[in-house]
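The values are calculated or read from the model by the stated rules, or taken from the named source; none is laboratory data. Since the model is a prediction, treat every value here as computed from it, not as a measurement. Methodologically, a virtual Cβ is constructed for each residue, glycine included, from the backbone with ideal geometry; neighbour enumeration extends over all protein chains shown.
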């Protein structure tokens, strides 16, 4: 979705929605902490990093924004870190690299689950690719 869908989130959850891609925190009428508290047990959040601000940030600020989103939405799992929309051409290469580097590297034990099960395995990666 794009924008604020918090008013209909309960209905979407009732019909089986289990991931919100892409959550745009800056558009919501409630704080991210409440969003996570109210819906985080039933919903995975994808996105969060405000792409409208990316062109005007420094790489250090981009890294801090990624870390902020992880801290707000990631505790206990249920968060896929990333941009809240397409990264536009006016975002500097340095900021784009900072975004994806921070998304890949930022780890806090209480905010991430053991991801060893996500490691690639052999040809084709993972059992689903081998048909087993």
### Query
Tell me, which residue of segment 103-132 that is closer than 26 Å to residue 41 by Cβ and either at pLDDT 95 or above or surrounded by 11 or more Cβ atoms within 10 Å (Cβ to Cβ) (or both) is nearest to the chain's Cα centre (by Cα)?
103
#### Entry: Number of positions in segment 2-25 that are out of contact with any strand residue (DSSP E or B) (no Cβ under 7 Å at 6 or more places or on another chain) and surrounded by fewer than 14 Cβ atoms within 10 Å (Cβ to Cβ)
9
#### Entry: helices (runs of 4 or more DSSP H) wholly inside segment 27-105 containing at least 2 residues that are touching a residue at least 24 places away in the same chain (Cβ under 8 Å), touching a helix residue (DSSP H, G or I) at 6+ places or on another chain (Cβ under 9 Å) and over 22 Å from residue 4 (Cα atoms)
59-73, 93-105
### Message
touching a residue at least 60 places away in the same chain (Cβ under 8 Å) and within 14 Å of the chain's Cα centre (by Cα): is that true of residue 22 in this structure?
### Response
yes
### Query
Yes or no: residue 44 within 15 Å of residue 26 (Cα to Cα), more than 8 Å from the chain's Cα centre (by Cα) and at pLDDT 95 or above?
no
